[in-house]
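The values are calculated or read from the model by the stated rules, or taken from the named source; none is laboratory data. On a predicted model such as this, the values are computed, not experimentally measured, just so you know. Glycine gets a Cβ as well: all are built from the backbone with ideal geometry, and neighbour counts include every protein chain shown. Only protein heavy atoms, including side chains, enter the accessible area calculation; ligands, DNA and RNA are left aside. Shrake-Rupley method; radii C 1.70, N 1.55, O 1.52, S 1.80 Å.
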Amino acid sequence: MSTRFEATVDIDRPIADVFAYLADGRNDPDFSPRVQKIDKVPDGETNVGTVFRSTVKDSGMKSQREFEITHLTAPTRIRWREISKNSLTAREGGYDLEPIAAGGTRVRLFNVLDGHGLGKLLLPVAGVALRKDAPAFGRRIKTAAEAAL
């Protein structure tokens, strides 16, 4: 059993800059308030196999998350999968980027979530909340990327 959410947003920055910003998961706290801390292993350039380890807070509870980059095609595609074991995990997620008029970038983001154990019961409720928040999440990415770049 899984659920999916996605959003699309236009960012007023060049595609190469937006790609570099999003490929460095250490920027996630800029637009995801649930991410409290994040590290990159190994340090340096993001490549397939790079892992981002984070501490997140959901519904008042902290958990440890690990996401591995599974596909990277500059400047148009980033994919990841969660390798940590939690009640709800992202089987697959990613960004698809395309250039738009006036030098901007259209970003489509998505996540496919699976429930494990108690998470199977929480998945439908979490899916509704995540789909409801997806447009706002996209706007937070837009605001953060435009401010940072």
query = Looking only at D30, D96, D58, which one moves most when the chain is put into a Gaussian network model with springs between Cα atoms under 10 Å?
reply = D58
query = What is the local net charge at T105, summed over the other residues whose Cβ is closer than 14 Å to its Cβ (Lys, Arg +1; Asp, Glu -1)?
reply = -1
Listed residues R79, R34, R91 arranged by accessible area, highest first, probe 1.4 Å = R91, R34, R79
task = Note down the accessible area of F137, probe 1.4 Å, to the nearest 10 Å².
result = 30
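Students sometimes get this wrong: rank L72, L113, L121 by accessible area, probe 1.4 Å, all chains present, largest first.
Putting L72, L113, L121 in descending order of accessible area: L121, L72, L113.
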key: Cα centroid of the stretch 1-78 to Cα centroid of the stretch 121-149, whole Å   = 13
request  = Excluding V41 itself, calculate the net charge of residues whose Cβ lies under 14 Å from the Cβ of V41, where each Lys or Arg counts +1 and each Asp or Glu counts -1.
outcome  = -1
query = Residues of the chain: accessible area per residue at 1.4 Å, in Å²?
reply = 53
